[in-house]
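Down below is the structure, laid out as structure tokens.
The values are calculated or read from the model by the stated rules, or taken from the named source; none is laboratory data. Keep in mind that this is a model prediction, so the values were computed, not measured. Quick reminder, even Gly has a Cβ in these numbers, built from the backbone with ideal geometry, and neighbours come from all protein chains shown. Note: accessible area is taken over every heavy atom of the protein model, side chains too, but ligands, DNA and RNA are not part of it. Shrake-Rupley method; radii C 1.70, N 1.55, O 1.52, S 1.80 Å.
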Amino acid sequence: MGFGYFFWLMLRITLEYIPLKANVSFLMIKQTEVIERPEYLAFFYTHVYTSIFVLLSGFFAILRKNWGLTNFHRNAGKIYIFLILIFSAPSGIYMGFFANGGTFSKISFILLGGFWWFSTFKAYQLAKQKKFHEHKQWMWRSFALTLSAITLRLWKVIIVYLFHPNPMDVYEIIAWMGWVPNILLVEYLNTKKYL
């Protein structure tokens, strides 16, 4: 239920960009990129539109249930992996080069995109090799990074509510808080064999 609630919030954010608009929500503070880099909007919309499906397919894949449907887990996993490797992670890495908050934020988002792509590719390789225990561990790493879309926004609300920092300082903090605690938690759970 918790995931459902946050997925609905993310879906509402995605729907703000339908139909294609270059002057709404997050794009309002990215007008320099929108005007000076014609490709920016293509990467942005690729990232936004595919990531919502990545969240949903990843959630169903990570549950490892078929829900009475033949190969549901496998097909959800294929959609998840395909979207990340071909669309979501590469477009996220590109956007990382233009992240708000300066160099510190840019490094974080580029690393996030790179680790996201690599962990997903590793999970794919291990599934092909039928090393399902290791595949599961790498899928959890990948999904922890996928969830950064949600945790980044949670941290933003908490930090702004408690401390009222400068907006660019918020970006520097949440750029790292959005994914580093997620991956540390998964590593801890993997070490303790809870996953």
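Points worth noting:
- For the stretch 82-126, the candidate set comprises residues that are in contact with a Leu (Cβ under 7 Å, 6 or more places away or on another chain) and either among the aromatic types (F, W, Y) or touching a residue at least 60 places away in the same chain (Cβ under 8 Å) (or both); within that set, the residue that is farthest from E39 (Cα to Cα) is F121.
- Residue match in the stretch 164-179 (condition: without any contact (Cβ under 8 Å) to a residue 40 or more places away in the chain and within 16 Å of the chain's Cα centre (by Cα)): yes
- Some residue of the stretch 153-163 being modelled with pLDDT of 95 or more, under 18 Å from I62 (Cα atoms) and not small (G, A, S): no
- Reported count of residues in the stretch 30-76, each being surrounded by fewer than 18 Cβ atoms within 10 Å (Cβ to Cβ) and either part of a loop (DSSP other than H, G, I, E, B) or among the β-branched types (V, I, T) (or both), is 14.
- Remark: pairs (first residue in the stretch 37-53, under 17 Å from L11 (Cβ atoms) and of a type in the set (A, V, I, L, M, F, W, C); second residue at pLDDT below 95 and open to solvent by less than 40 Å² (accessible area, probe 1.4 Å); Cβ separation under 7 Å; 6+ apart in sequence or on different chains) = V48/T14; V48/Y17; I52/M10; I52/T14.
- Per the listing L20, L27, the residue uniquely at pLDDT below 95, open to solvent by 60 Å² or more (accessible area, probe 1.4 Å) and out of contact with any Pro (no Cβ under 6 Å at 6 or more places or on another chain) is L20.
- Residue under evaluation S105, criteria (1) assigned to a helix (DSSP H, G or I); (2) open to solvent by 30 Å² or more (accessible area, probe 1.4 Å), criterion not met: (2)
- For the stretch 1-17, the tally of residues that are open to solvent by less than 60 Å² (accessible area, probe 1.4 Å) and part of a loop (DSSP other than H, G, I, E, B) stands at 1.
- Per-region count, the stretch 86-102, residues closer than 18 Å to W179 by Cβ and in a helix (DSSP H, G or I): 9
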